[in-house]
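Report on the structure given below.
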Amino acid sequence: MRQPLVAGNWKLNGSREFTRQLIEDITVGVSAGGGSRPLQAGVVVCPPYVYLGDAYAVIDGHDGIGLGAQNLSDHESGAFTGEISAEMLSDVGCRYVIVGHSERRALYGETSALVASKIKAAHSAGLVAILCVGETLEDRESGTTEKVVGEQLDAVINSLGIGSFAETIIAYEPVWAIGTGKTATPAEAQKVHEFIRGRLAADDESIALSTRILYGGSVKPDNAGELFSKADIDGGLIGGASLKAGDFLEICRAAG
Ligand code: PEP
């Protein structure tokens, strides 16, 4: 049985005060649960690097809410100006890290090989990687969605082995749905999630059954329930809607 998970990617947004307030509101909401019952879904928040310590000070000791970073270096230490290592993230309270977000791939030239080495670095510090995969609109329109997503997965499987998915969560995020207000229909998303699970199962059935596959791309309170009801969608990676505590909490409740 896979526990649903909802992760908020705050991207380059907010201030110290904004972070404190948002994390407090989310923590209170998570503690209050889903109305008459505790929240079933795990919750992760990923603020900008510089506010991770402030966020951790609020969530420390609260069950059901974890801290994540939006990126990391694939190096352990040394002359890499401006970079942050997996150990440093772990040191300030992170348990998760997003790797290979489409914005990193498109705007900062991250290749699938670099993504795999970042996952390796994350695992070596005990962090759970949230691996983002997804096709562009051009890929989708030319019918190559599965080829593109398959290659993104294979880069990790071939380099780190299928066993690396024991500590990896996958986020399927069609690039054309991120921040655009366009969402894949639940059926479209489920089709790709099923493909992803099938790709893992080809190498290891039990890893495939236990790996959580999140959907990301303009998830909002009004579409979350239907998306999360699909068999292979185990929660969401949320951008814009994670910056409003009320919306984010509603999405968390929709996940279980
Ligand atoms: C994201 O950036 O991971 C994302 C899913 O963004 P949004 O929810 O704003 O589409």
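What to note about this one:
- Computed FRET value (nearest 0.05) for residue 28 with residue 56, which takes r as the C-beta separation and R₀ as 25 Å: 0.95
- What you get for the range 15-255, charging only the Cβ of Lys and Arg (+1) and of Asp and Glu (-1), is a dipole of about 320 debye around the Cα centre.
- Dimensions in Å of the chain - Rg and Dmax from alpha carbons: 17.0, 52
- With protein chains left intact and a 1.4 Å probe, residues in the range 1-60 average 49 Å² of accessible area per residue.
- Residues of the range 109-256: accessible area per residue with a 1.4 Å probe, Å²: 39 Å²
- Electrostatic tally near residue 135: other residues with Cβ closer than 13 Å to its Cβ, Lys and Arg +1, Asp and Glu -1, net -3.
- Net charge in the neighbourhood of residue 156 (other residues with Cβ under 14 Å of its Cβ; Lys, Arg +1, Asp, Glu -1) is -3.
- Pairs of Lys residues in the chain that lie 8 or more places apart, or on two chains, and have C-alpha atoms under 14 angstrom apart add up to 5.
- Solvent-accessible area assigned to carbon and sulfur over the chain amounts to 51 percent, based on a 1.4 Å probe.
- Convex hull of the range 36-154 built on C-alpha atoms - directionally averaged projected area, nm²: 9.6 nm²
- In Å², nearest 10: area of residue 81 left accessible to a 1.4 Å probe: 140 Å²
- Radius 14 Å from Cβ of residue 16, net charge of other residues (Lys, Arg +1; Asp, Glu -1): -2
The values are calculated or read from the model by the stated rules, or taken from the named source; none is laboratory data. Being a predicted model, the structure only gives us computed values, none of them experimental. Cβ coordinates were reconstructed from backbone atoms using ideal geometry, including for glycine residues, and neighbour counts include every protein chain displayed. Keep in mind that these areas ignore ligands, DNA and RNA; they rest on the heavy atoms of the full protein, side chains included. Shrake-Rupley method; radii C 1.70, N 1.55, O 1.52, S 1.80 Å.
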